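Chemist: Once you've had a glance at the structure underneath, I'll fire off some questions.
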């Protein structure tokens with residue numbers, strides 16, 4: 001990601017430029033076994049309780065913040081920033097992890113998605129992702 005460039009259709013947008021610059025600064029953290037494609041569609045629920053996580057084909061070793069970040073941009077895109085924030089609060093409470101640098105990792109996972117887009121995405125589809133990026137930039141540690 002250190003050498004990555006924004007797609008041409010996003011260049012000049014301060015939020016996306018800031019998101020990429022911040023993502024480039026992510027420092028490695030402790031590696032754990034992670035899902036690597038953690039999103040609501042891979043979660044199984046029964047009677048309001050999480051019962052399982054499916055589709056482990058991309059599992060690998062890496063920072064747990066990657067899984068949290070992946071879930072958060074998916075929630076922000078589909079259900080809005082409040083849902084992504086509630087997930088983070090619940091994850092912190094249940095895991096007892098501080099995840100102090102989570103805004104950076106949120107941007108890392110978001111930029112993984114954005115940098116994979118070769119064609120312009122409709123503005124309506126990009127708006128919640130851009131808002132998530134803007135919110136993450138506002139929460140950067142420092």
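No lab work stands behind these numbers, since they all come straight from the coordinates. These figures come from a predicted structure and were not determined experimentally. Virtual Cβ from ideal backbone geometry, glycine too; neighbours counted across all protein chains shown.
Chemist: What percent does the relative contact order of the chain come to when contacts are Cα pairs within less than 8 Å and at least six residues apart?
Modeler: Numbers: 183 pairs, mean separation 42.0, N = 142.
It rounds to 30 percent for the chain.
Chemist: Moving on to the next point. Mind checking the log10 I(q)/I(0) for the range 66-124 at q = 0.29 Å⁻¹? Debye, one equal scatterer per Cα, no solvent, two decimals.
Modeler: -1.26
Chemist: So, one more: Would you mind ranking 35, 132, 96 by Cβ crowding within 10 Å, fewest neighbours first? It would help to have the intermediate numbers written out before the result.
Modeler: On the way: 35 21, 132 25, 96 6.
Ascending number of Cβ neighbours within 10 Å: 96, 35, 132.
Chemist: Name the most mobile residue of 26, 84, 59, meaning the one with the largest mean-square fluctuation, in a Gaussian network model of the chain with Cα contacts below 10 Å.
Modeler: Comparing 26, 84, 59 in a Gaussian network model of the chain, the most mobile one is 59.
Chemist: Roughly speaking, what % of Cα-Cα pairs in the chain are separated by over 21 Å, rounded to a whole number?
Modeler: Counting pairs separated by more than 21 Å, the tail of P(r) holds 41 percent.
Chemist: Considering the chain as a Gaussian network with a 10 Å cut-off on Cα pairs, which listed residue, 45, 16, 73, attains the greatest mean-square fluctuation?
Modeler: Highest fluctuation of the listed residues: 45.
Chemist: Next question, about the same structure. Listing 72, 127 from the residue with the fewest other Cβ atoms within 10 Å to the one with the most, what is the order?
Modeler: Details: 72 29, 127 12.
Final ranking by Cβ density, sparse to dense: 127, 72.
Chemist: Quick one: among 80, 62, 12, which has the greatest mean-square fluctuation in a GNM of the chain with alpha-carbon springs under 10 angstrom?
Modeler: Among 80, 62, 12, the largest GNM mean-square fluctuation belongs to 12.
Chemist: A further question on this structure: For a quick check: sort 61, 117 by the number of other beta carbons within 10 angstrom, fewest at the front.
Modeler: Details: 61 9, 117 14.
With the sparsest Cβ surroundings first, the list reads 61, 117.
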